[in-house]
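Report on the following structure.
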2 protein chains.
Amino acid sequence: MPRSSVVPLRETLPADGASAVACPRPAEVARGPCGHCDLGALAFCDGFAARIVSRLSRVQCTQRFEPHDTLFREGDPGAAVYSVVSGALKVYKLMPDGRRQITGFFFRGDMFGFCLDGTYAYSAEAITPVGVCRLPMRRLNELAETAPEVQHRIMGRMTAKLAYFHDHVLLLGRKTARERVATFLLGLAERARRRGDPWSPLALPMGRTDIADHIGLTVETVSRAMTWFKRQGLIDLPNPSSVSIRQPDALRAIADGSAEV
Amino acid sequence: MPRSSVVPLRETLPADGASAVACPRPAEVARGPCGHCDLGALAFCDGFAARIVSRLSRVQCTQRFEPHDTLFREGDPGAAVYSVVSGALKVYKLMPDGRRQITGFFFRGDMFGFCLDGTYAYSAEAITPVGVCRLPMRRLNELAETAPEVQHRIMGRMTAKLAYFHDHVLLLGRKTARERVATFLLGLAERARRRGDPWSPLALPMGRTDIADHIGLTVETVSRAMTWFKRQGLIDLPNPSSVSIRQPDALRAIADGSAEV
DNA sequence: CGGCCATCTTGATGCAGATCAACGTATATC
DNA sequence: GATATACGTTGATCTGCATCAAGATGGCCG
């Protein structure tokens, strides 16, 4: 049995922890399509007709969470989807003995929280301070009935997530440790680039343990792979939470499994 | 590097192989919501208004494939989604060196073929003789604009697939060989039960190599796990392509990682 | 400044599952 | 019925990564 991080199954923060500000209506954050966030083109509601934006704006609710806060837990009734406004968070499943699998990291512009049978199949926890835009699924469905573009956008986000899972399943099922780490780093860099964040040096807000629990390895193996890349001159590690990608092509070759090494 | 089945990267059948009958319009199969299949409540169009069913019926196209036929290949322009009418098929991704990851098996009532940027991110191949109902994505989107129930159903299928991936990623990232095989067998049985097929003895239309390439193991390890379950009296293997689940609870305990062994 | 704690890295060792190698078993072909 | 071919099972050995163990590094707080 692989070790994973073996979460002690202790109680984490209640989902409605004190640090979660409940739905402040005033537009306190900044400019954006609906006035509630500063995501611009990354916002879920970007490009929608004014009528739709205004209705979304009325049903949405902005929340903030601190590191280690739990947004919701596996098994909770799943009433809403979330759009990340700022910060980073992770979504994971636990096994009865504490083995953990992180099924996704989410950043500015990402959406998560889709669920089947009205129950979340996984838990969500903030990594850094996080701002989210919470959209009740019921309201979203109502709105979507008369606004095909809403449905279309939701489906687009879900399709992207499905594509990501196909890749990740290939990674977990068939790639070696170094291939996994290389793939992970390049994937993070690509996502940073797409949302307009610096991708080299690339920020690694999550710890080594989280990385390990995402790509099916142990902390030690992740660390060794990183050190090896560094010694090969493929990356630089100015500090544990950022990476400079020095030779993207070489890293890409490793990630694809086409490297000669 | 795990061995996987190392597909020789040879050319398989062209996607429009001779055996694929192109869109016979007459309702040749049997009774069903739209008259083109006999899926009943499993059909994509089940329960839709007559107007919708009739429009779906006009844009759909029934195809048949023989074992080893390729429906589409990774990188092909992705113009349609498929609903399985009969038979079994698999969807997979390849690495440049031939390592293969099967990302899903599909049976009667299942849908697949959702794709991002109009390009399939994976290949699809028939395992047994297969009948599918092909729905052009463009037409489906048009229809969905005025029929929220269509959008809603598509989203439901996608959400189910996302939930499956969360579970499968946990399996691949954190479960042992026996846990994986137990989980796989129970998952197949559950799906068979839901679609009204016999679940014990359970049919295994796919070979051991396919199973291995789905759950991230080698054929030998899959075989050994099965033999072990058999010796423990948890299952019976009347022949390689069917399993009788003798002790579902014990198997479930292993699958969950809560077994004492 | 110094001690503490969490996190990351590095080294030594062990083992689950991959690999290599036969050997059954079943279906197809002539 | 003999032969061939694909697939599944079983055994022996090897190895990549997990595990165990111990430093290094750095932020935080008294």
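Couple of notes before you dig in:
- Qualifying positions in the stretch B:155-182 - outside any helix (DSSP H, G or I) and more than 7 Å from chain A (Cβ to nearest Cβ): B:Lys175
- Scanning the stretch A:133-151 for residues that are free of Cβ contacts under 8 Å to residues at least 60 places away in the same chain and either over 23 Å from A:Thr62 (Cα atoms) or of a type in the set (Lys, Arg) (or both) yields a total of 4.
- For the stretch A:205-261, a residue qualifies if it is part of a loop (DSSP other than H, G, I, E, B), more than 10 Å from DNA strand C (Cβ to nearest atom) and of a type outside the set (Ser, Thr, Tyr), and the qualifying residues are A:Gly216, A:Leu217, A:Gln232, A:Gly233, A:Leu234, A:Arg246, A:Gln247, A:Gly257, A:Ala259, A:Glu260, A:Val261.
- In the stretch A:129-140, residue farthest from A:Arg194 (Cα to Cα) [restricted to those that are open to solvent by less than 40 Å² (accessible area, probe 1.4 Å) and either more than 12 Å from chain B (Cβ to nearest Cβ) or modelled with pLDDT under 90 (or both)]: A:Pro136
- Selection within the stretch B:120-175: residues that are polar (S, T, N, Q) and touching a helix residue (DSSP H, G or I) at 6+ places or on another chain (Cβ under 9 Å). The member of this set that is farthest from DNA strand D (Cβ to nearest atom) is B:Thr146.
- Subset of the stretch B:240-250 [within 12 Å of DNA strand D (Cβ to nearest atom) and surrounded by 15 or more Cβ atoms within 10 Å (Cβ to Cβ)]: B:Ser242, B:Val243
- Exclusive hit being over 30 Å from B:Gly40 (Cβ atoms) and either open to solvent by 10 Å² or more (accessible area, probe 1.4 Å) or charged (D, E, K, R) (or both), set B:Leu237, B:Leu186: B:Leu237
- Residue within the stretch A:195-206 that is small (Gly, Ala, Ser) and open to solvent by less than 10 Å² (accessible area, probe 1.4 Å) present: no
- Test result for A:Arg180, charged (D, E, K, R), out of contact with any strand residue (DSSP E or B) (no Cβ under 9 Å at 6 or more places or on another chain) and open to solvent by 40 Å² or more (accessible area, probe 1.4 Å): no
- Exactly one residue out of B:Gly47, B:Gly113, B:Gly78 is within 14 Å of the chain's Cα centre (by Cα) and under 21 Å from B:Met155 (Cβ atoms): that is B:Gly113.
- Unmet requirement for B:Arg58, which otherwise passes all of (1) open to solvent by less than 10 Å² (accessible area, probe 1.4 Å); (2) out of contact with any Phe, Trp or Tyr (no Cβ under 8 Å at 6 or more places or on another chain): (1)
- Listing of strands (runs of 3 or more DSSP E) fully contained in the stretch B:34-107 that carry 1 or more residues being polar (S, T, N, Q): B:61-65, B:70-72, B:80-86, B:100-106
The values are calculated or read from the model by the stated rules, or taken from the named source; none is laboratory data. Predicted model, so just to flag it, every value in this text is computed and none were measured. Don't worry about glycine lacking a Cβ; one is built from the backbone with ideal geometry, like all the others, and counts go over all protein chains shown. Protein only, heavy atoms only, side chains kept; ligands, DNA and RNA dropped before computing areas. Shrake-Rupley method; radii C 1.70, N 1.55, O 1.52, S 1.80 Å.
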